[in-house]
Amino acid sequence: MGDKGSSGDTITFLGTAGARFAVTTQILDSGGLWLDLNGTEILLDPGPGCIVQSTKRKLRAEKLSAIIVSHRHLDHSADVNIMVEAMTQGGLKQRGWLFAPADALDTEPVIFSYLRKALDGIGVLQEGKSYQIDNISFSTPIRHIHQVETYGMIFTTPEHTFSYIADSRYFDGLCHSYGGELLIINVVLLEASQHIDHLSVADAEHIITELTPKVAILTHFGMSMWRAKPWEVAQSLSQKTGVRVLAARDGMKFELSQLDTT
Ligand SMILES: [Zn+2]
């Protein structure tokens with residue numbers, strides 16, 4: 001049962017745009033996901049506008065414990081520097097961690113060198129590894145098929161487990177690697193494309209059917225998804241899979257205590 005007295009677990013969608021055109025036109029916001037897990041605040045994939053979307057919603061970067069970047073593409077990393085600056089109070093207070101794949105940190109790093117010094121540390125995401133942030137753990141079970149080094153995550157809080165399936169071409173490893181009560185899936189494409197390394201609605205249907213979470217949330221919509229009205233796509237996926245499927249909305253705050261009652 002949800003305990004209203006405890007801090008609980010919440011996920012705020014600071015944007016639902018995915019891939020180039022939905023992001024460059026800002027037809028949807030693109031600020032990433034703000035996790036508040038049992039009082040530990042973690043920012044995931046701070047795309048363009050994260051600083052705007054987070055401050056607008058009174059989310060306070062100086063309370064973040066970590067920023068996690070699934071991969072270096074701009075729609076996931078553009079605001080890393082400004083968010084690190086905010087997390088470290090202008091770089092004056094050493095605190096917080098940054099997690100990213102090696103190829104986002106080595107050549108042409110997503111983080112400026114002068115800001116690295118303000119962090120408590122930088123964690124390199126690798127396949128099959130687990131990481132700890134305060135009382136939250138997360139793992140990066142498998143490297144995705146995408147143009148750059150990319151990982152999704154499984155988060156474990158004292159109360160809940162949920163997965164974030166970041167950008168990828170479909171492969172069976174996704175179904176074998178992720179799990180939990182809640183599945184957040186980046187579904188850029190309405191129809192699968194040979195030439196684009198992103199998940200389609202049919203891929204999402206297959207993954208949801210295989211993993212049977214209590215709830216699945218679609219997000220990171222490309223133009224074709226947006227035109228198809230993601231909430232209608234989600235409704236049809238609910239009917240096909242028997243799982244409650246939601247389409248994320250810009251600014252939507254999902255309380256994980258909802259999972260306890262279903
Ligand atoms: Zn990408």
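FYI, it's all coordinate maths here, none of it is from the lab. Here the structure is a predicted model, which is why all the values come from computation and not from measurement. We place every Cβ from the backbone using ideal geometry, glycine too, and count neighbours over all the protein chains shown.
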The chain: most fluctuating residue of 135, 38, 186 per GNM, C-alpha cutoff 10 Å: 135
Cα-projected label distance for residue 191 with residue 236, points at 7 Å along beta-carbon direction, nm: 1.2
Residues in segment 208-237 that a label on residue 258 would reach, taking backbone N under 14 Å of a point 7 Å out along Cα→Cβ: 214-219, 231, 234-235
Helix 230-241 axis, angle to the chain major axis (alpha carbon atoms, nearest 10°): 60
Candidate lysines - alpha carbon under 20 Å from residue 117, same-chain residues fewer than 8 apart omitted: 63, 93
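Rounded to the nearest 5, what is the percent of antiparallel bridges among the DSSP beta bridges in segment 1-106?
Working: 11 of 18 bridges.
Bridges in segment 1-106 that DSSP calls antiparallel: roughly 60 percent.
Not counting the cut sites, what is the longest span of the chain without GluC sites (Glu not before Pro) that DSSP labels loop and that have at most 16 other Cβ atoms within 10 Å?
1-126
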Cα long-axis angle, helix 201-211 against the chain (0 to 90 degrees, to the nearest 10): 90
Amide hydrogen neighbours beyond the local backbone of residue 247, cut-off 5 Å, H modeled: 218
Helix-only mean residue ellipticity at 222 nm for the chain, each DSSP H run of n ≥ 4 adding -39500 (n - 2.57), per residue, nearest 500: -6000 deg cm²/dmol
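Can you figure out the FRET efficiency of residue 210 with residue 92, using R₀ = 41 Å and their beta-carbon distance, to the nearest 0.05?
On the way: r = 47 Å, r/R0 = 1.16.
Result of the calculation: an efficiency of 0.30.
Any of 56/229; 129/229; 129/240 with alpha carbons more than 29 Å apart? Name them for me.
Working: 56/229 25 Å; 129/229 36 Å; 129/240 34 Å.
In this structure, 129/229; 129/240 lie more than 29 Å apart at Cα.
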Choice from 59, 44, 35 with maximal GNM fluctuation in the chain (Cα, 10 Å cutoff): 59
GNM top mover of 70, 30, 139 - the chain, alpha-carbon springs below 10 Å: 139
